[in-house]
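The values are calculated or read from the model by the stated rules, or taken from the named source; none is laboratory data. All values reported here derive from a predicted model rather than from experimental measurement. Glycine gets a Cβ as well: all are built from the backbone with ideal geometry, and neighbour counts include every protein chain shown. In case anyone asks, the SASA skips ligands and DNA or RNA and just uses the protein heavy atoms, side chains included. Shrake-Rupley method; radii C 1.70, N 1.55, O 1.52, S 1.80 Å.
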Amino acid sequence: MNKNIIIATAGHIDHGKSTLIKALTGRETDTLQEEKDRGISINLGFTYFDLNDGKRAGIIDVPGHEKFVRNMMAGCVGVDLVLLVIAADDGVMPQTIEHADILHFMGVENAIIVITKTDNVEEEMIELVKEDVKTSFKNTILAQSPIICVDSVSGKNLDKLKELITQKCQDIRDNEDTFSTRMNIDRVFSIKGFGTVVTGTLIEGEIKKDKEYMLYPKRKLVKIRNIQNHGKDENVAKRGQRTALNLANIHKNEIDRGDIIASANSLQKASIIACNLQITDHTDLELKHWDRVRFFTGTHEVLARIVPLSKKTIRKNESALVELRLEEEIYLKRADKFVIRNYSPVFTIGGGKIIDISNSRHTINNTDYVKYLTEKSKFDVKDLILDYCYDFRTFDDIYMYLGKNKEYINKNINKLLRGNEIYKINNVFIGRDNLELIRDDLVTKLNDYHKEHPLEAGINKSEFKNLLPSLDHRSYEAFFENELINKKITTYNGFVKNANFKINTSNQDEDIKKIIKEIKDKKPELLKYKELVKSDKDKKIVNYLLKRDLIRIDDFIIEKEYMEEIKEKLTQYMKDKEEFSLAEFRDLMNISRKMATAILEHLDKIKFTKRIEDTRILL
């Protein structure tokens, strides 16, 4: 059995939920004077229930009045077992059906249908209520739930109900908690001497004392000063516990009911979500493009527009893929359950599960996206990681996308790394198939460049970075070391080229010789760049030679070999001298003053000479 069972009641107003809880636990859950005066639950009520096997379960009394359905939904998030309460003298009422639909869409898997006030009616009426229950809930997850008849005043069958609850709780599996921390806040108040306190059900992960967590949607870090569960101080709160948290360094006015305490950067901001929507069979409403609805998930309620993707109209008891365009952004996780209600008048229409938080718009015409959603709805965690890593992703990106805890994500990433299904490049991850697609696209771009510039070594490495904009500097350098990349793409002397590319000058040999001859024939004078480049072909050849045999200084072109001759000649000239002037150098080399100035400035730049006022020295 899960050590932290949460039980909730649900059902129509005045069907005896609060009275049943008091009969089972000996404690009232209606805490507000207004609730006691009016005889109805407005807020969520909380207490605990000692089971027959000695274990203790939290119990939530959710309001039944139609006006407080939002509170009812908030109370059922993360619940392990629901007691759906139906009064024998009323039977199944509209609010009972709506609560049952909400439980169905929120995925509550364990329920007991409790018929109360049985002492008030004849046996024949009880049998009619049972038949009504079976008929009303035949298409919901409540269809197989056990039915028990009790009377909270006389105590009839309460012992049997306790035994059934205990058995149900024992059957609930303690599944591995793979999620990052999340607690929906349902109460905020301040205690003198302690400060701000929030309460809620910890639906995922755990919360530790003295650690920091993030308050959403404000994205403010808060420190946990103290933790209480059923009035006892704890160092750790676990999934499934009703928890009170004393928060440090934050005023209660900074927190709203419905806010979330979660692991830092573990939730996604959503404005457009894709999901599988199921319509209840208890409505005749048909949903069409751009219908306005109320969207509920966790403790959030926002308005949204429906964009059907897999069919134009969605009718009762049908399912379809839809896109929901939210009218305000909220924070949630992929795979969260949700409920939608009609905009006006307000009643429950349907619900489902989030498949994709794309925040990009699609329509029924995007057939590829519809196919993708159909496949994605069946993905396991490894499929999701591979799907998300179609581009370079950091661990933090994956962590936010999955909403799982870091240990679980690491375990699955390591499996993918060992199987070479995913690659790590410095601090980013990418799926093998997608890395091969990126590589092949880059190879094609390089091939095109090599064809257009056959005499160039490749694309300048700093310019090539523009083709991989999502990589930081270190990841960019590591990219070329990856085994899938370096077999086809290499770097050399600051250029990126295809691994099998070699500069082939055989077709240009005569043109190269012609340009070199033209430069040599001009000596000791220098040719200008524009004098050499008379066509696109000349430009390619000269640019190629500038990487090998030529140097461009100012507007002039000079052979590297000739530059070495000049340096040697100047060295010999300076054997018996300490300094020389521009005019001396001009006469020594038999060139114009402008050429002499350009050559000396180049020699200064490479630190062969140094200018001191109007003269120079050798270094």
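Overview of values
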| quantity | calculated |
| --- | --- |
| Square roots of five times the Cα gyration tensor eigenvalues for the range 524-582, Å | 30, 12, 7 |
| Extended-chain gain in nm, criterion 0.36 nm per residue less alpha-carbon gap, residue 378 and residue 547 | 55.3 nm |
| Residues residue 397 and residue 561, FRET efficiency given R0 of 56 Å [Cβ-Cβ distance, rounded to 0.05] | 0.55 |
| Karplus-derived HN-Hα couplings along the range 468-473 (A = 6.51, B = -1.76, C = 1.60, θ = phi - 60°), whole Hz, x at Gly and Pro | 10, x, 7, 8, 6, 4 |
| Helix axis angle, 123-136 relative to the chain longest principal axis, alpha carbon, degrees | 20 degrees |
| Value of [θ]222 nm, deg cm²/dmol, for the chain, DSSP H segments ≥ 4, -39500 (n - 2.57) each, nearest 500 | -9500 deg cm²/dmol |
| Coordinate range along principal axes, alpha carbons of the range 385-428, Å, largest first | 23, 19, 19 |
| Length added when fully stretched, residue 463-residue 569, from 0.36 nm per residue minus Cα-Cα | 34.2 nm |
| Accessible heavy-atom area order of 597, 243, 367, highest first, probe of 1.4 Å | 367, 597, 243 |
| Quotient of Cα Rg and 2.2 N^0.38 Å for the range 160-199, N being how many residues it contains | 1.94 |
| Span from the the range 99-151 Cα centroid across to the the range 386-400 one, whole angstrom | 45 Å |
| Probe 1.4 Å, protein heavy atoms only - accessible area per residue of the chain in square angstrom | 49 Å² |
| Spin-label pair residue 525/residue 50, simplified geometry with 7 Å Cα→Cβ offset, distance in nm | 11.2 nm |
| Electrostatic dipole magnitude of the chain [Cβ: Lys, Arg +1; Asp, Glu -1; Cα centre; debye, to 20] | 1840 debye |
| For the range 465-534 versus the range 410-462, the gap between their alpha-carbon centres in whole angstrom | 21 Å |
| 20 Å tail of the calculated P(r), the range 121-194, as % of Cα pairs | 63 percent |
| Order of exposure, largest accessible area first, which applies to 361, 187 with probe 1.4 Å | 361, 187 |
| Cut-off under 5 Å, modelled amide H: who pairs with residue 459 long-range | 496 |
| Computed lengthening from residue 131 to residue 256, 0.36 nm per intervening residue step minus Cα-Cα distance | 40.7 nm |
| Relative contact order for the range 339-424, counting Cα pairs under 8 Å that sit 6 or more residues apart, in percent | 16 percent |
| Heavy atoms of residue 453: accessible area, 1.4 Å probe, square angstrom to 10 | 40 Å² |
| Rounded FRET efficiency, nearest 0.05, which uses the C-beta distance separating residue 499 from residue 433 and R0 of 30 Å | 0.90 |
| Selected from 272, 255, 299, residue furthest toward positive end of dipole (the range 201-346; charges at beta carbon) | 255 |
| Among 184, 58, 93 - extreme Cα towards positive end, dipole of the chain, charges at beta-carbon | 184 |
| Whole-percent carbon and sulfur share, accessible surface of the range 348-392, 1.4 Å | 46 percent |
| From phi via Karplus (6.51, -1.76, 1.60), per-residue ³J(HN,Hα) for the range 145-158 in Hz, x at Gly/Pro | 6, x, 10, 9, 9, 9, 9, 6, 6, 7, x, 4, 6, 5 |
| Nonlocal amide H pairs with residue 82, under 5 Å, H built at 1.01 Å | 8, 110, 111, 112 |
| Longest to shortest principal axis, alpha-carbon extents of the range 327-376, angstrom | 36, 24, 20 |
| Radius ratio Rg over Rh of the chain, counting only Cα atoms, Kirkwood formula for Rh | 1.24 |
| Which of 46, 580 is most accessible, then next, and so on - probe 1.4 Å | 46, 580 |
| The range 262-332-the range 161-239 distance, computed between alpha-carbon centres (Å) | 28 Å |
| J(HN,Hα) series, the range 285-302, from Karplus relation 6.51 cos²θ - 1.76 cosθ + 1.60, nearest Hz, glycine and proline x | 5, 10, 9, 10, 3, 6, 5, 8, 9, 9, 9, 10, 8, x, 10, 8, 9, 9 |
